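Chemist: Okay, handing you the structure first.
The values are calculated or read from the model by the stated rules, or taken from the named source; none is laboratory data. These numbers come from a predicted model, not from an experiment. All Cβ positions, even for glycine, are placed from backbone atoms using ideal geometry, and neighbour counts span all protein chains on display.
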Amino acid sequence: MVAVKRTLPAPPELQSRWAAVLEETGLRPRILQIHDRFPEERSLEVPFAAIDTVDTGLADILLERPEEVLDAGIRAMGELLPVSGPDAHHLRLRVVGFPATAHRTVRAIRETDLNRLIALDGVVRRVSEVRPQIRDAVFECVACRTKFHEPQDEVSLVFREPLECPESQGGCGRTQGRTRFRLVAEESTYVDAQRIEVQENPETLRHGAHPQGLNVLLTEDLTGRVLPGNRIVLNGVLKSFQRASASRGGVVRNTTFDLMVLGNSFESKVREYEEIEIAPEEARLIESFRGDPTVVDKIVLSLAPTIKGMEEEKEAIALQLFGGVEKRHADGVRVRGDIHCLIVGDPGTAKSQLLRYIAEVAPRGIYTSGKGATAAGLTAAAVKDDFAGGRWVLEAGMLVLADGGMAMIDELDKMSPEDRSAMHEVLEQQTVSIAKAGITSTLNARCPVLAAANPKWGRFTNDRSIAEQLDLPPTLLSRFDVIYSIKDVPDQERDRHLANRILASHRDVEREGEGSGLAPFSPDLLKKYIAYARKNIRPSLSQGALDELENFYVRVRRQGEEPNAPVPITARQLEALVRLSEAAARARLSSRVEVEDSHRAIHIMESFLRRVSMTEEGKLDIDLTQSGVSHSQRERLDIVMRIMRELQDEHGGFFSIEQFREAAEKAGIPPPKAEALLQSLRNQGEIIEARPNHLQLVRF
């Protein structure tokens, strides 16, 4: 079916219709205010719904022929001023709140959208610097000294030069071959310009699909207001331009045109999860779970139901999906509400499958693998690109694009140490600071991180503690609220039960065609339930919950008061308990954190500490994950260093390995521990083998 182009009314008629819209919507006082405050303020925002209510025909024409209609609107604004000042034509008309019919995804744009007003919903990926762009160039003819104007195309990056000295502007009519033209830069007209790239929302992409982006030109007061990672609705006119490429025969122009949007306005998505549409009947279904004491258990059962077992890990991840409440103190200090989880497990324990499922269920979830991630790809990068005329632009990485969502990082241990260190700031401050190529900026990365890794030697062994087998630096481990270790230990009864469940799920798929039919929440409903809870519920702690958390913290800390006892828990774990409690209340759609929520948080924390921070003596030692060295290891290390100094004094600056072993055994250090400490000091360069079988301390 061929679209019929609407006949555009004459400019005077359009102008009068705009004047009627501006008067009836009561915008005249606002126009006067903008004019008085010019140039600090120059734009009038008009809701599309207001135009549609007063003049439906004008609203329809605006979408089809936006440039002429908006020009008429600006002239109408000038007419409403009591005295048309010299700057009246510099006022701008910006339309916001377009209907669903005008919204487009980058992937769905077609040639029928050219020169129409569209609304792009996406995330800002690249941002160039704000630079002056010439709009009306003034040239001087060298032959006749006449100055004339040459308007520039604001879409193309190509500077347009005159072909002749125009007689219509008082020139001599000579062509470019018979004279030269000099640009009079100080008399030319410029505007602030900034080029950005709007990319599809990552969570809307199909598996394997590459996110597509579209260049946008922002001018005047629209510039300098967006950063990479911002989620916006960009309203503007879709334009095409021909890109030329150089070749031996000269300039070659392609038949395929590039696209760009001339920005008219943009709307920031200040509220979370606006892009997730929840129908009224779905909202009523979600609200029916309010007050259900078993709803958290139902959510846990609905997380990757085909992955059997891992109930404790799934419970922690379920609370991570809901998250705690972000807080800002009076002194400006921000306390994050997001919960970070790390799963370290043996091969074949379905870690990657679990992360991929969570990426599907989490609103705005993004998945990546550590093998294919770099520091620039995770955080942000300064890149040189012809998209901004060969200048440096700021490009957002995965964690910045996941701002307000959730990031899944698989194979965290496979990343290089340099790339992994870029995550430290993201996990605690939830920002990305970049200072490269003259660009200094701080971007938001407010997202919980769910990471998975393998043990240091591929599989957990029984001769070492769990903490010693985590192949991650303590500075990174300490930033995770919950760390779970998954050991694949053969157990006949447990293995038979697990095998029955796995095989039954395969049978159900063959019979019914679906494997998650028994899950209380479908993946789609669970995603909407999480979005609804995070958007509408901000729970506060009840006195009962506060008392429970305080008693648990003090009770565990009391273990560290014994002589030579390790520190079992720190204030960092107390903050994690608060976040987990708030997440449990939010999952119940409750505005109050009750005692049962704090009990759930305490259960998760005890499980984490018991698995990862338990020493051989059966005591909790948080230093195992926060510093990498346990209290007992530090004590043994002090004893070993004292023994080495004494041996070195007694034997003329050297001591043999046999002498060290004998002295260590007398001091009560088991031979395996003594050997491990000796090897560790060798690796750190603290001792050297000065001659065969004889050692020497580097720093005496």
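Chemist: Which residues, taken from segment 172-193, are surrounded by 15 or more Cβ atoms within 10 Å (Cβ to Cβ) and charged (D, E, K, R)?
Modeler: Within segment 172-193, R174, D192 qualify.
Chemist: Kindly indicate whether L624 is buried (at least 17 other Cβ atoms within 10 Å of the Cβ), modelled with pLDDT of 85 or more and of a type outside the set (D, E).
Modeler: no
Chemist: Quick one: which of R501, R611, R507, R558 is modelled with pLDDT under 90, in a helix (DSSP H, G or I) and touching a Lys or Arg at 6+ places or on another chain (Cβ under 6 Å)?
Modeler: R501
Chemist: While we're on this one: Pick out the one residue from R225, R195, R182 that is assigned to a strand (DSSP E or B) and farther than 25 Å from K147 by Cβ.
Modeler: R195
Chemist: Kindly list the number of the only condition in (1) surrounded by fewer than 21 Cβ atoms within 10 Å (Cβ to Cβ); (2) in a helix (DSSP H, G or I); (3) of a type in the set (A, V, I, L, M, F, W, C) that fails for I358.
Modeler: (1)
Chemist: Right, here's the next one. In segment 578-599, which residue that is surrounded by fewer than 23 Cβ atoms within 10 Å (Cβ to Cβ) and part of a helix (DSSP H, G or I) is nearest to the chain's Cα centre (by Cα)?
Modeler: Per the criteria, the residue is V578.
Chemist: Which members of segment 50-80 meet the condition of being surrounded by fewer than 16 Cβ atoms within 10 Å (Cβ to Cβ) and within 18 Å of L32 (Cα to Cα)?
Modeler: Selection gives E79 alone.
Chemist: Being at pLDDT below 85 and not aliphatic (A, V, I, L, M) is true for just one of D60, D71, D87, D52. Which residue is that?
Modeler: Unique residue meeting the criteria: D87.
Chemist: Look at segment 286-306 and say how many of its residues are surrounded by 13 or more Cβ atoms within 10 Å (Cβ to Cβ) and free of Cβ contacts under 8 Å to residues at least 40 places away in the same chain.
Modeler: Total satisfying the criteria: 2.
Chemist: Where in segment 36-128 are the strands (runs of 3 or more DSSP E), entirely inside, with at least 3 residues that are under 31 Å from the mean Cα position of the chain (by Cα) and over 15 Å from L222 (Cβ atoms)?
Modeler: Fully inside segment 36-128 and qualifying: 117-128.
Chemist: Give the residue that is modelled with the highest pLDDT, with candidates limited to residues of segment 347-395 that are among the polar types (S, T, N, Q) and in contact with a helix residue (DSSP H, G or I) (Cβ under 7 Å, 6 or more places away or on another chain).
Modeler: So, considering only residues that are among the polar types (S, T, N, Q) and in contact with a helix residue (DSSP H, G or I) (Cβ under 7 Å, 6 or more places away or on another chain), the one modelled with the highest pLDDT is T368.
Chemist: Any residue at all in segment 632-646 that is surrounded by fewer than 19 Cβ atoms within 10 Å (Cβ to Cβ), in a loop (DSSP other than H, G, I, E, B) and modelled with pLDDT under 75?
Modeler: No: zero hits.
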